[in-house]
Amino acid sequence: NDTIQKVAALGYPILTAEIWKGTDSNPIKPDMPDVNNILEGNQFAWSLKGIGDFEFAKVNLNKSTEEMQIDLKAGVPHNYFDSTYASIKVQNTSGKVVYNKEFYGNKQQNAGTQKVSVKTGDLIELTHLEGRERATLINLDNNKRENLDKKVMYEVTKDGLKKVNQIVNPKPDTEAPTQPQGLYASNLTSNSVELKWNPSTDNIGVKEYQVLRDGQLIQTVQGTTFIDQNLTVNKKYKYAVKAVDAAGNTSIQSEILPVKTKDQNVSYEKWDPKKAYTKGDKVEHQGTVYEAVQNHQGNGDPNWIFALSLWKPLTIK
C-alpha cells in the first residue's frame, strides 16, 4: 500500500488502475470527481461567486421536502460587468416560471431569502458569465462537486438531477374548465343583486370567472360571488357565468339566471312569528318575500316561515 500511494502521488494513472487488484487487496485510485454520481441524490447546492470570490447567491435544493431555498447576500456581484452577470430560473411542469432572478454585475443587491416549491419534472436553469471559475454544484449527499458552464439546465428527477439542453415548453393546455353550476341570486334590491355559484374545476386550475349580463361581459372576478349594482328599478335581467383558466381556455356558459329588480315603492313588513296572517299576505324574512297560503295564527315558532303549508317563497320572474 505504501508503494502504491507513493506511485499514485507521482500522478501516473496507469499504475493505479484496476490491474493492481491482482497484487493488492485495496488498490488506490486517483482522486478524481465521479461525474456519474454527482447528479444522484436528494440534496444539492449551487454556489455563485463574484469578484474576490464573494458568494452573492447560494441555492439549496432538498428533494425530500420538495423545496429550494435561495439565499442572497447584500453587495455588488462583480463591478467589472455592466450587464447581467448571473441568473437563476425555476419552471414547473405546467410551464410556469415560479422563480426568476437576474444578478446585474455592477449593481448593489439586497440580502434576502426565498423558498420555492420544486418537484420532480421541474426545471432549474443557472447562468454565470464566469461559471467555470466562480460557479459550483455540490452534491451534499456524497460531497461531489463540479464547476458550471456559462449556462446549465437541470431537470429534477426521482433519482436526483438530469442535465438537459434546453427548457422545453410543455404541450399547450387546451382543456377548458367545467361549466359553472348552481348560479343563483340573493340580497336582491331595487338596484342591485348578489350572484353566487359553485366553483368550476380545471386540469391546471381556474384563474377567474367572467360574469355576463344580458349576454355582455360586465366583470371578471377571482372568486365565486359578485354584486351587480346601479341597476334599473323593476327591470328584468339575465345573468350567466363562464370559468377561465390561465391558458385562456373558457368553459361552457352556465345556465342563464333570470332576475328582476324590486319595485322601489314596494316594501313588505318583516315576518312576525307570533302574528296572525290571512291567506295572500306578503312578508319579508331574511331578504326573501313570502306569501301566506292559508289563514293562521303564529305561535312563536321561528321555523314556521319555512313551512310550505303556511308560506311560499315568491319566485322572481
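The values are calculated or read from the model by the stated rules, or taken from the named source; none is laboratory data. A quick note: this is a predicted structure, and the numbers were derived from the prediction, not measured. Positions of Cβ are backbone-derived with ideal geometry, glycine not excepted, and every protein chain shown enters the neighbour counts.
In this structure, ILE70 does not satisfy being in a helix (DSSP H, G or I), touching a Phe, Trp or Tyr at 6+ places or on another chain (Cβ under 9 Å) and modelled with pLDDT of 50 or more.
Tell me, please, whether a residue that is among the charged types (D, E, K, R), under 28 Å from the mean Cα position of the chain (by Cα), at pLDDT 95 or above and more than 21 Å from LYS49 (Cβ to Cβ) can be found in region 174-183.
Within region 174-183, not a single residue is among the charged types (D, E, K, R), under 28 Å from the mean Cα position of the chain (by Cα), at pLDDT 95 or above and more than 21 Å from LYS49 (Cβ to Cβ).
Residue-wise test of (1) in contact (Cβ under 8 Å) with a residue 12 or more places away in the chain; (2) within 18 Å of ILE256 (Cβ to Cβ); (3) not β-branched (Val, Ile, Thr).
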site	(1), (2), (3)
PRO172	yes, no, yes
PRO177	yes, no, yes
SER192	yes, no, yes
LEU195	yes, yes, yes
THR232	yes, no, no
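Of all residues being at pLDDT 95 or above and loosely packed, with under 15 Cβ neighbours inside 10 Å in region 238-255, which is nearest to the chain's Cα centre (by Cα)? Just the residue, please. Show your work before the answer.
Taking region 238-255 first, the residues at pLDDT 95 or above are 238-244, 249-255.
After this cut, where a residue has to be loosely packed, with under 15 Cβ neighbours inside 10 Å as well, the list is 238, 250, 252, 255.
Working: LYS238: 34, THR250: 19, ILE252: 24, GLU255: 29 Å.
Only one residue fits best here, namely THR250.
Here GLU66 meets the list (1) surrounded by 14 or more Cβ atoms within 10 Å (Cβ to Cβ); (2) farther than 24 Å from LYS162 by Cα almost entirely, failing just condition (2).
The residue that is nearest to THR120 (Cα to Cα), among those in region 140-156 that are assigned to a loop (DSSP other than H, G, I, E, B) and in contact with an Asp or Glu (Cβ under 9 Å, 6 or more places away or on another chain), is ASP141.
Here GLY75 qualifies as more than 23 Å from ALA246 (Cβ to Cβ) and not assigned by TED's automatic domain parsing to the domain that holds ASP245. Considering only region 259-286, how many residues are outside any loop (DSSP other than H, G, I, E, B), exposed (fewer than 15 other Cβ atoms within 10 Å of the Cβ) and either acidic (Asp, Glu) or at pLDDT 95 or above (or both)? Adding up the residues that qualify gives 2. Of the residues making up region 94-110, those that are outside any loop (DSSP other than H, G, I, E, B) and more than 16 Å from the chain's Cα centre (by Cα) are LYS101, GLU102, PHE103, TYR104, GLN109.
Could you say which residue among ASN198, ASN203 is within 26 Å of VAL289 (Cβ to Cβ) and surrounded by fewer than 16 Cβ atoms within 10 Å (Cβ to Cβ)? Lay out the reasoning, then the answer.
Values: ASN203 fails: within 26 Å of VAL289 (Cβ to Cβ).
It is ASN198.
Just one of the listed residues (THR113, THR127) is surrounded by fewer than 15 Cβ atoms within 10 Å (Cβ to Cβ), in the same structural domain as SER83 (by TED's automatic domain parsing), assigned to a strand (DSSP E or B) and modelled with pLDDT of 95 or more, and it is THR113. Of all positions in region 293-315, none carries a residue that is closer than 26 Å to GLU194 by Cα, hydroxyl-bearing (Ser, Thr, Tyr) and surrounded by 13 or more Cβ atoms within 10 Å (Cβ to Cβ). Among all residues of region 209-219, there is at least one that is at pLDDT 95 or above, of a type in the set (Val, Ile, Thr) and exposed (fewer than 14 other Cβ atoms within 10 Å of the Cβ). For region 74-90, residues that are surrounded by 15 or more Cβ atoms within 10 Å (Cβ to Cβ) and among the charged types (D, E, K, R) total 1.
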